[in-house]
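Notes for the one structure printed next.
Derivation of every value follows stated rules applied to the coordinates shown; laboratory data play no part. Since we're looking at a predicted model, the values are computed, not measured. Cβ placement follows ideal geometry from the backbone for every residue including glycine, while neighbour counts extend to all protein chains displayed.
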Amino acid sequence: MFHLAQGRVLGYDQPMHIYLVGGAVRDMLMEAAGQDRDQGRDRDYMVTGATVEEFLEAFPHAKQVGKAFAVFMVGHDEYAFPRGETLEDDLAARDLTVNAVAMPVEEARKPSVDLSQAVSAHPLAMDDIRNKVLRPASDTALDDDPVRVFRAARFAAAWPDFTVHPDLTRAMAQTARQGLLDDLAPERVAAELRKAMLSPRPGRFLETLGEAGCLAPWFRELARAHGIPAGPAPYHERSMLGHTAEVMDRLAAMRPGDELAVWTGLCHDLGKTATPSHNHPHHHGHDALGEPMAERLGRRLAMPERFIKAGAAAAREHMRLARYHELRPGTRVDLLARLHSARITDELCSLVEADHGVNVRPEVLRDLEAILSVTLPPEDRDNGPESGEKLRLLRCQALAGN
């Protein structure tokens with residue numbers, strides 16, 4: 001954090017003034033209006049009275065992430081320089097009207113503050129906060145920084161009771177048509193996705209992108225999913241995209257704050273977009289088809305390795321795990337060994353429940369405990385593959401006796 005001292009930052013001669021902008025100020029206004037606040041903790045700041053070079057001297061670990069204009073990350077906080085010559089110009093250049101609000105950081109630090117006097121706002125900001133509307137702050141708001149397309153979808157996931165204004169959908173679509181989504185830092189796209197996966201309705205992130213034609217290129221596996229049936233009736237009534245969103249939402253409700261579980265929901269049915277259309281609404285083999293697709297998606301977004309492996313496993317294993325009670329002991333042993341090794345047993349049990357409405361967890365945990373309790377006799381250890389086969393046989397026998 002910066003430290004203000006007589007209007008100067010870290011003792012530098014050039015006065016540097018900092019405004020708290022965007023979400024933190026918006027949250028204060030939402031709280032004052034009796035609305036739920038965003039769960040994010042990141043803070044955005046606007047820097048005035050200093051050059052970029054002087055800012056970097058004060059914040060040597062800052063990482064530049066903006067291309068169209070100077071934006072820097074310091075830890076989890078974003079620092080940007082004004083877009084335009086006045087505060088009003090900067091607010092008009094922000095992403096959404098509800099985020100086009102600012103207040104001097106000195107005011108924000110006060111134990112109590114009159115928001116009506118301290119906050120500067122876009123002309124539509126207060127009404128849109130009060131009426132729960134997501135609207136772009138200007139006609140070029142998303143083009144100026146195309147990652148805002150994903151940020152807007154993330155806000156739709158965070159606030160399911162907010163309406164996505166038609167102007168926002170049109171602006172998102174326009175940004176995509178111009179190819180402006182192609183050359184983004186994957187970390188920035190993934191950051192918005194990961195925040196969405198912590199939201200009450202993470203599936204709305206995908207649906208909002210889909211409605212605007214913005215799933216490609218980053219979520220290209222799902223770009224046609226709105227036109228593909230999720231499966232035959234009466235088991236499925238929605239499109240594959242709608243079903244994926246629904247499963248993500250169920251997982252978020254079942255496991256609040258568990259983004260890994262929600263990620264498995266995003267990945268589990270990707271293979272359905274690659275099954276032959278003449279077989280629809282059936283998707284035979286989609287689990288095998290989905291495994292490499294989930295891996296590609298995770299790597300494209302530069303997701304952590306644990307997520308990449310979990311997404312691939314979710315695509316590969318979710319159908320088999322849903323039929324757990326039908327599996328033979330050997331198949332159970334192999335499946336449980338893979339899930340336990342990947343540390344995703346509990347997450348995939350939740351996925352099966354969200355996807356199929358089947359609770360396999362009690363049986364899975366009972367069997368997992370049984371096979372983990374099996375040990376090789378000393379004379380059968382350290383014999384390479386032979387020891388592995390012997391251990392598997394003993395584990396199968398343990399399950400057969402359950």
Ellipticity estimate at 222 nm from DSSP helix runs (n ≥ 4, -39,500 (n - 2.57)) divided over the chain, nearest 500:
-14500 deg cm²/dmol
Can you tally the net charge around Gly290? Count Lys and Arg as +1, Asp and Glu as -1, for every other residue whose Cβ sits under 13 Å from the Cβ of Gly290.
-3
Counting Lys and Arg as +1 and Asp and Glu as -1, each charge on the Cβ, what is the dipole of the chain about the Cα centre in debye, to the nearest 20?
1080
Could you work out how far helix 23-32 tilts from the main Cα principal axis of the chain, as a 0 to 90 degree angle to the nearest 10?
90
Can you compute the radius of gyration and Dmax for the range 142-256, using only the Cα atoms, both in Å?
13.9, 45
If you add up the charges near Ala216, with Lys and Arg at +1 and Asp and Glu at -1, over every other residue whose beta carbon is less than 13 angstrom from its beta carbon, what do you get?
+2
What do you get for the angle between helix 286-300 and the principal long axis of the chain? Use alpha-carbon atoms, 0 to 90 degrees, nearest ten.
30
J(HN,Hα) series, the range 199-212, from Karplus relation 6.51 cos²θ - 1.76 cosθ + 1.60, nearest Hz, glycine and proline x
8, x, 10, x, x, 5, 4, 5, 5, 5, 5, x, 4, 9
Can you figure out the FRET efficiency of Glu363 with Glu107, using R₀ = 56 Å and their beta-carbon distance, to the nearest 0.05?
0.45
Treating the angle as unsigned and between 0 and 90°, give the value, to the nearest 10°, between the Cα long axis of helix 385-400 and the longest Cα principal axis of the chain.
80
Fewest-first sequence of Leu215, Leu198 by Cβ atoms within 10 Å of each Cβ:
Leu198, Leu215
For Val133, list long-range residues whose amide hydrogen, built 1.01 Å from N in the peptide plane, is under 5 Å from its own amide hydrogen.
Thr163
For Arg177 and Arg220 in one chain, what is 0.36 nm times their gap in residues minus the Cα-Cα distance, to one decimal in nm?
14.0 nm
For the chain, which longest stretch is free of loop sites, where a loop site is one of the trypsin sites (Lys or Arg not before Pro) that DSSP puts outside H, G, I, E and B and that has at most 10 other Cβ atoms within 10 Å?
110-402
So Ser341 and Arg300, fully extended at 0.36 nm per residue minus their Cα-Cα distance, gain in nm 12.3 nm
Give me P(r) over the range 266-332, computed from all C-alpha to C-alpha distances, binned every 5 Å, as integer percentages.
4, 20, 23, 19, 17, 12, 5, 1
Please work out which option in (i) 25, 51, 22, 2; (ii) 26, 57, 17, 0; (iii) 25, 46, 23, 6, 0 gives P(r) over Cα pairs in 20 Å bins from 0, in percent calculated from these coordinates, and answer with its label.
(iii)
Placing one equal point scatterer on each C-alpha of the range 277-402 and summing with Debye, one gets log10 I(q)/I(0) at q = 0.19, 0.21 Å⁻¹ equal to -1.08, -1.20
Total charge of the residues flanking Ala313 in space, meaning their Cβ is under 11 Å from its Cβ, with Lys and Arg +1 and Asp and Glu -1, is +1
Please arrange Thr163, Thr273, Thr208, Thr375 by how many other C-beta atoms lie within 10 Å of their C-beta, fewest to most.
Thr375, Thr163, Thr273, Thr208
Chymotrypsin sites (Phe, Trp or Tyr not before Pro) lying in DSSP loop within the range 49-105, provided at most 16 other Cβ fall within 10 Å
Phe69
